[in-house]
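Enquirer: The structure that follows is given in the form of structure tokens.
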Amino acid sequence: MEEKNISKVYEPQNFERETYEKWEKDKNFHADVNKDGESFSIVIPPPNVTGQLHMGHALDETLQDILIRYHRMKGDNTLWMPGCDHAGIATQAKVEESLRNEGTNRYELGREKFLERVWQWKEKFGSRIMYQLRTLGASCDWDRERFTMDEGCSKAVQKVFITLYNEGLIYRGKRITNWCPKCNTALSDIEVEHVTEKGHLWHLRYKFKDSEEFIEIATTRPETMLGDTGVAVHPDDERYKKFIGRTLILPVVNREIPLFADEYVDKEFGTGAVKVTPAHDPNDFEMGLRHKLEQIKVINNDGTMAEGLGKYSGLDRYECRKILVEDLKNLGVLVSVEEHEHAVGHCSRCNTTVEPLVSRQWFVKMESLAAPAIEAVKNGDLQFVPERFTKIYINWLENIRDWCISRQLWWGHRIPAYYCDDCGEMTVGENISECPKCHGKNIYQDEDVLDTWFSSALWPFSTMGWPEETDELKKYYPTKVLVTGYDIIFFWVARMVMMGLKFRKKVPFRKVFIHGLVRDEFGRKMSKSLGNGVDPVEIIEKYGADSLRFMLVTGNTPGNDLRFSDKRVESARNFANKIWNASRFLLMNLENFDKNFKPSENNLTLADKWIISRLNKTAKEVTENLDKFELGEAARLMYEFIWSEFCDWYIELTKKRLYGENLQEKSTALYILMTVLEKSLRLLHPFMPFLTEIIRQKLPNAEGSIMLAEWFTGGKIDEVSENQMNVIMEIIKVVRNLKNEVGVEPRKKSEVILKISNAELAEILKSNVNYISELAAAEPITFSDEKPEHALAGVAEGVEIFLPLKNLIDTEKEIARLTKELEKLRKGIAMTENKLKNEKFISKAPAEVVQSEREKLSAANEKISSVESRIEQLKNL
RNA sequence: GGGAUUGUAGCUCAGUUGGUUAGAGUGCCUCGUUGACAUCGAGGAGGUCACAGAUUCGAGUUCUGUCAGUCCCACCA
């Protein structure tokens with residue numbers, strides 16, 4: 001059978017692509033709403049169209065694909081919804097950068113032309129991302145691919161905005177917000193990263209209007225003093241009580257400003273008196289509202305100083321600080337400068353220091369939306385895996401502040417608010433072309449777009465056709481699980497929950513499976529600036545997608561970061577190669593196998609029963625772990641089973657039968673090999689989809705695509721056979737060990753004498769003695785009740801094992817080895833004896849535990865005396 | 001300031017409700033290639049489970065504290 005010849009080594013490049021194309025062509029990924037089966041749906045965390053996928057995505061998609069493939073095999077009606085996010089600010093920045101390289105900018109291009117350019121960008125990178133997903137093996141339903149700015153999603157966005165506005169949950173207001181001078185837009189609170197920086201605390205003195213007295217204030221941002229409209233002290237501060245209500249003269253600008261009392265002020269900090277700049281500090285803004293202070297904007301949106309500030313106007317804010325401090329010093333206003341550490345906000349996108357300033361923006365009132373989202377977690381509708389992230393989520397929601405959703409960008413969903421030039425009326429609604437108040441036609445739409453996360457928040461239902469009541473929504477909403485990194489719990493997860501509950505009355509997903517970040521081999525975050533990012537496609541080209549997937553999913557636990565390492569991908573590739581070759585071995589032997597052959601129960605050997613039982617147990621555990629989202633543990637179990645049990649032991653144990661003359665025996669062995677391999681492939685398929693598919697198709701006992709094959713949940717576990725086989729394997733190990741210790745070549749046949757006290761065990765060993773002779777090159781093997789003289793000795797599971805010396809070994813070395821073993825045994829005995837001496841242990845520990853300790857002790861004592869006598873013998877040689 | 005998390009073999013990490021003498025991968029050492037696989041096989045060395053207490057018959061596992069690292073949140077100018 002020519003088709004069964006497969007190459008000597010695993011070469012994933014030869015089949016991954018074609019395999020995927022076949023799956024896709026056969027519509028194996030497609031979810032049919034009308035089909036039966038419990039629904040199992042996942043919406044992909046839409047990757048940004050800013051560029052290509054990185055290792056973090058590869059991890060995220062791998063985890064999802066494993067779950068999806070597992071559930072598909074289990075017979076669930078499985079949908080994995082793919083798509084991309086328009087990533088407003090990030091994508092716009094990318095396109096602007098490329099314009100800059102061409103020597104132009106978006107303003108020169110104009111809004112319309114600029115957007116054309118962004119759409120071109122989106123087409124290019126969007127399709128690249130989808131290609132990468134395919135390369136990784138992601139079994140997404142491509143017929144349902146979505147984009148946050150496609151027609152349907154945009155409709156959902158409008159609908160949500162208008163509804164929230166009409167309910168008073170969206171409002172427009174002139175408030176202080178975080179402003180990025182470089183991106184030239186407002187930001188939400190969570191888009192600001194606070195970094196502790198070394199700065200200074202400048203002490204300034206402000207003179208009272210009607211006396212020569214001063215009050216000293218402390219500030220970290222002297223340039224904002226130009227916008228001061230008051231000074232605040234704590235009402236109980238004895239130092240300043242007498243000044244409250246008096247008027248100060250603001251230095252440099254000579255503005256009259258009041259000194260007032262406010263509980264916000266901390267008496268202990270600085271001088272206990274704080275300058276108040278309502279237009280440029282969130283706290284001052286609040287105080288300003290409380291005390292009806294004027295807001296004077298002294299810093300422009302681009303970070304330069306505003307007009308009307310004399311020589312300071314037009315200066316960059318930090319340049320101004322330098323000059324102003326110098327001037328204050330000369331004026332005698334500057335009293336002192338202290339070193340001071342404080343947290344400074346940076347734009348999470350471009351890292352520029354954000355400027356809090358007052359502007360007119362749109363906000364979502366969050367409190368009433370947050371309450372049900374907290375409740376959903378508390379009542380169990382929504383569960384985090386691992387659970388510890390619940391606390392982070394709740395804590396954030398309980399302290400939530402209003403969400404600034406407007407961005408001064410061009411790329412994104414334009415805010416559906418319209419302004420009438422004739423009467424000044426603002427209208428929120430769809431397709432407004434006429435002012436509802438004055439019927440004027442001079443209407444223009446709000447220039448701003450929405451925060452990118454606004455549309456992402458609707459993703460689980462906007463992708464399913466909402467606001468229409470589609471079949472998809474009925475079948476697949478809520479989704480079963482959301483798989484994402486802990487870094488976007490606030491940005492995305494919490495907001496989806498709020499929106500889902502608000503507009504669908506149901507949580508968008510039942511479980512949130514949180515994973516960590518992929519770091520480089522030194523534990524650093526992978527980033528462009530460090531240049532330490534690893535392109536998943538490159539790894540796939542080198543090692544195969546299966547290897548990458550396997551590496552990403554093993555060796556870490558849910559929620560924890562993982563380190564990427566080439567070594568570990570290589571190790572996964574070696575595993576793939578191992579499976580490949582085990583399969584090749586089977587296929588080679590399968591040439592004349594009658595595919596209708598079925599072995600009878602009576603012809604099964606101990607090894608057969610053992611491997612079947614081990615497979616059944618493994619399947620059970622793999623399934624349990626998958627259900628618990630312990631994907632790494634599930635994968636590890638498969639690794640262990642296939643490599644350490646199936647390959648290292650079982651295949652070796654079948655060789656005698658395969659190469660022998662007895663057709664019955666040979667067929668039985670082949671049948672079990674084939675069955676176990678086929679089921680193992682199914683269990684491994686979610687992790688390594690390509691390899692398992694390609695191999696299974698060559699097996700005579702399998703039909704159709706493995707991805708549609710039934711999941712194997714296990715079967716009867718045969719403890720008796722497992723125990724018996726364990727004894728045999730232990731004996732083999734001891735014999736190998738003994739030979740190795742004394743430098744006898746592994747393959748060199750050596751006589752072995754077994755002394756067994758347990759009669760039942762002796763029978764079993766006698767009938768399976770061939771395993772020992774085959775795998776330990778032990779010949780002849782004899783059973784004896786006597787300890788032979790001059791022999792190496794070892795013990796396994798109550799069996800004493802002797803290898804007659806026959807002058808082959810170094811007695812000194814052997815005595816040393818035995819002495820060491822003796823020490824080990826004595827240590828063990830001491831521990832066990834201590835336990836058994838302890839009356840509390842005897843009385844409180846479960847009976848079977850006590851019993852096993854007793855047995856252990858007597859076994860160990862036997863071993864000791866045996867080893868001791870060996871040593872004596874050797875000494876007398 | 002609050003919270004989370006990590007500390008186990010040279011390195012990277014498992015260790016699920018407390019129960020044999022703590023495991024894997026990788027690296028290292030010894031031996032081994034005529035047939036599935038050197039991307040391999042057999043064997044070995046290597047750990048007072050960060051430290052100190054507590055609970056328990058029994059703690060890597062639970063609790064408290066200490067030290068060290070990482071991260072998140074937070075309006076102290």
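Enquirer: Take A:Ala370 and tell me if it is within 16 Å of RNA strand B (Cβ to nearest atom), in contact with a Leu (Cβ under 9 Å, 6 or more places away or on another chain), open to solvent by less than 20 Å² (accessible area, probe 1.4 Å) and part of a helix (DSSP H, G or I).
Expert: For A:Ala370, the condition - within 16 Å of RNA strand B (Cβ to nearest atom), in contact with a Leu (Cβ under 9 Å, 6 or more places away or on another chain), open to solvent by less than 20 Å² (accessible area, probe 1.4 Å) and part of a helix (DSSP H, G or I) - is met.
Enquirer: The conditions are (1) within 14 Å of A:His291 (Cβ to Cβ); (2) within 11 Å of RNA strand B (Cβ to nearest atom), and A:Pro258 fails exactly one of them. Which is it?
Expert: Among (1) within 14 Å of A:His291 (Cβ to Cβ); (2) within 11 Å of RNA strand B (Cβ to nearest atom), the lone unmet condition for A:Pro258 is (2).
Enquirer: Here is a follow-up. Could you please let me know if A:Arg407 is crowded, with 16+ Cβ neighbours inside 10 Å, in contact (Cβ under 8 Å) with a residue 40 or more places away in the chain and basic (Lys, Arg)?
Expert: In short, yes.
Enquirer: Next up: Tell me which of these A:Cys153 doesn't satisfy, since it passes every other one: (1) crowded, with 21+ Cβ neighbours inside 10 Å; (2) modelled with pLDDT under 90.
Expert: (2)
Enquirer: Further question on the same structure: Residues that are within 12 Å of RNA strand B (Cβ to nearest atom): list the strands (runs of 3 or more DSSP E) wholly contained in the stretch A:164-237 that include at least 2 such residues.
Expert: Once the strands (runs of 3 or more DSSP E) in the stretch A:164-237 are filtered for at least 2 residues that are within 12 Å of RNA strand B (Cβ to nearest atom), what remains is A:170-180, A:192-208, A:214-219, A:230-233.
Enquirer: Return the residue satisfying two criteria in turn: it lies in the stretch A:378-404 and is part of a helix (DSSP H, G or I) and without any contact (Cβ under 8 Å) to a residue 60 or more places away in the chain, and of such residues it is nearest to A:Gly559 (Cα to Cα).
Expert: A:Thr390
Enquirer: Given the criteria open to solvent by 50 Å² or more (accessible area, probe 1.4 Å) and either touching a Pro at 6+ places or on another chain (Cβ under 8 Å) or more than 16 Å from RNA strand B (Cβ to nearest atom) (or both), does A:Lys74 qualify?
Expert: So A:Lys74 fits the description; yes.
Enquirer: Are there helices (runs of 4 or more DSSP H) fully within the stretch A:796-877 with at least 2 residues that are modelled with pLDDT under 70 and more than 50 Å from the chain's Cα centre (by Cα)? List them.
Expert: A:811-837, A:847-875
Enquirer: Right, here's the next one. Could you figure out which of (1) in contact (Cβ under 8 Å) with a residue 60 or more places away in the chain; (2) open to solvent by less than 10 Å² (accessible area, probe 1.4 Å); (3) within 30 Å of A:Gly516 (Cβ to Cβ); (4) among the aromatic types (Phe, Trp, Tyr) isn't true of A:Phe641?
Expert: With respect to (1) in contact (Cβ under 8 Å) with a residue 60 or more places away in the chain; (2) open to solvent by less than 10 Å² (accessible area, probe 1.4 Å); (3) within 30 Å of A:Gly516 (Cβ to Cβ); (4) among the aromatic types (Phe, Trp, Tyr), A:Phe641 is out only on (1).
Enquirer: Separate question: For the stretch A:469-510, enumerate the residues that are within 15 Å of RNA strand B (Cβ to nearest atom) and open to solvent by 50 Å² or more (accessible area, probe 1.4 Å).
Expert: A:Tyr486, A:Asp487, A:Phe490
Enquirer: How many residues does the stretch A:301-317 contain that are in contact (Cβ under 8 Å) with a residue 40 or more places away in the chain and assigned to a helix (DSSP H, G or I)?
Expert: 2
Enquirer: Kindly evaluate A:Glu447 against the criterion of being out of contact with any Phe, Trp or Tyr (no Cβ under 8 Å at 6 or more places or on another chain) and free of Cβ contacts under 8 Å to residues at least 12 places away in the same chain.
Expert: no
Enquirer: Another question about this same structure. Any idea which of A:Arg239, A:Arg205, A:Arg221 is in contact with a Phe, Trp or Tyr (Cβ under 7 Å, 6 or more places away or on another chain) and open to solvent by 20 Å² or more (accessible area, probe 1.4 Å)?
Expert: A:Arg205
Enquirer: Another question about this same structure. Quickly run through the stretch A:271-284 and pick out the residues that are surrounded by 17 or more Cβ atoms within 10 Å (Cβ to Cβ) and within 10 Å of RNA strand B (Cβ to nearest atom).
Expert: Within the stretch A:271-284, A:Thr271, A:Gly272, A:Ala273, A:Val274, A:Lys275, A:Val276, A:Thr277, A:His280, A:Asp281, A:Asn283, A:Asp284 meet the criteria.
Enquirer: Take the residues of the stretch A:322-349 that are in a strand (DSSP E or B) and open to solvent by 70 Å² or more (accessible area, probe 1.4 Å): which is nearest to RNA strand B (Cβ to nearest atom)?
Expert: Result: A:Glu341.
Enquirer: Being of a type outside the set (Val, Ile, Thr) and within 18 Å of the chain's Cα centre (by Cα) is the filter; apply it to the stretch A:523-544 and report the residue that is modelled with the highest pLDDT.
Expert: Among those residues, the one meeting the criterion is A:Pro536.
Enquirer: Name every residue in the stretch A:511-568 that is open to solvent by less than 10 Å² (accessible area, probe 1.4 Å), under 18 Å from A:Gln132 (Cα atoms) and of a type in the set (Gly, Ala, Ser), in order of residue number.
Expert: Residues satisfying the conditions are A:Gly544, A:Ala545, A:Ser547.
Enquirer: Related question: Out of all the residues in the stretch A:288-300, is one or more assigned to a helix (DSSP H, G or I), surrounded by 18 or more Cβ atoms within 10 Å (Cβ to Cβ), within 13 Å of RNA strand B (Cβ to nearest atom) and modelled with pLDDT of 90 or more?
Expert: No, there is no match, as no residue in the stretch A:288-300 is assigned to a helix (DSSP H, G or I), surrounded by 18 or more Cβ atoms within 10 Å (Cβ to Cβ), within 13 Å of RNA strand B (Cβ to nearest atom) and modelled with pLDDT of 90 or more.
Enquirer: Quickly run through the stretch A:584-593 and pick out the residues that are over 10 Å from A:Leu670 (Cα atoms) and more than 8 Å from RNA strand B (Cβ to nearest atom).
Expert: Selection gives A:Glu591, A:Asn592.
Enquirer: Here's a follow-up. In the stretch A:646-669, what residues are more than 13 Å from RNA strand B (Cβ to nearest atom), of a type outside the set (D, E, K, R) and touching a residue at least 60 places away in the same chain (Cβ under 8 Å)?
Expert: Correct list: A:Gln664, A:Ser667, A:Thr668.
Enquirer: For a quick check of your reading of the model, give me the residue pairs whose first member lies in the stretch A:739-751 and is in contact (Cβ under 8 Å) with a residue 24 or more places away in the chain, whose second is among the acidic types (Asp, Glu) and more than 6 Å from RNA strand B (Cβ to nearest atom), with beta-carbon atoms closer than 6 Å and at least 6 apart or on different chains.
Expert: A:Lys749/A:Glu779
Enquirer: Return the only residue of A:Ala607, A:Ala634 being crowded, with 19+ Cβ neighbours inside 10 Å, part of a helix (DSSP H, G or I) and within 12 Å of RNA strand B (Cβ to nearest atom).
Expert: Only one candidate qualifies: A:Ala634.
Enquirer: Can I ask one more? Tell me whether the stretch A:50-70 contains one or more residues that are surrounded by fewer than 22 Cβ atoms within 10 Å (Cβ to Cβ), of a type in the set (Lys, Arg) and either within 21 Å of A:Asp627 (Cα to Cα) or at pLDDT below 95 (or both).
Expert: No, every residue in the stretch A:50-70 fails to be surrounded by fewer than 22 Cβ atoms within 10 Å (Cβ to Cβ), of a type in the set (Lys, Arg) and either within 21 Å of A:Asp627 (Cα to Cα) or at pLDDT below 95 (or both).
Enquirer: Hey, can you tell me all the residues within the stretch A:711-739 that are more than 24 Å from A:Lys749 (Cα to Cα) and open to solvent by less than 20 Å² (accessible area, probe 1.4 Å)?
Expert: Within the stretch A:711-739, A:Trp711, A:Ser721, A:Glu722 meet the criteria.
Enquirer: Just to be sure, is A:Glu263 among the acidic types (Asp, Glu), at negative phi and open to solvent by 70 Å² or more (accessible area, probe 1.4 Å)?
Expert: In short, yes.
Enquirer: Collect the residues in the stretch A:847-863 that are more than 16 Å from A:Glu797 (Cβ to Cβ) and either touching a residue at least 60 places away in the same chain (Cβ under 8 Å) or open to solvent by less than 70 Å² (accessible area, probe 1.4 Å) (or both), keeping them in residue-number order.
Expert: A:Val849, A:Val850, A:Glu853 - these are the residues of the stretch A:847-863 that are more than 16 Å from A:Glu797 (Cβ to Cβ) and either touching a residue at least 60 places away in the same chain (Cβ under 8 Å) or open to solvent by less than 70 Å² (accessible area, probe 1.4 Å) (or both).
The values are calculated or read from the model by the stated rules, or taken from the named source; none is laboratory data. Here the structure is a predicted model, which is why all the values come from computation and not from measurement. For neighbour counting, all protein chains shown are included, and Cβ atoms are generated from backbone atoms with ideal geometry for every residue, glycine included. Note: accessible area is taken over every heavy atom of the protein model, side chains too, but ligands, DNA and RNA are not part of it. Shrake-Rupley method; radii C 1.70, N 1.55, O 1.52, S 1.80 Å.
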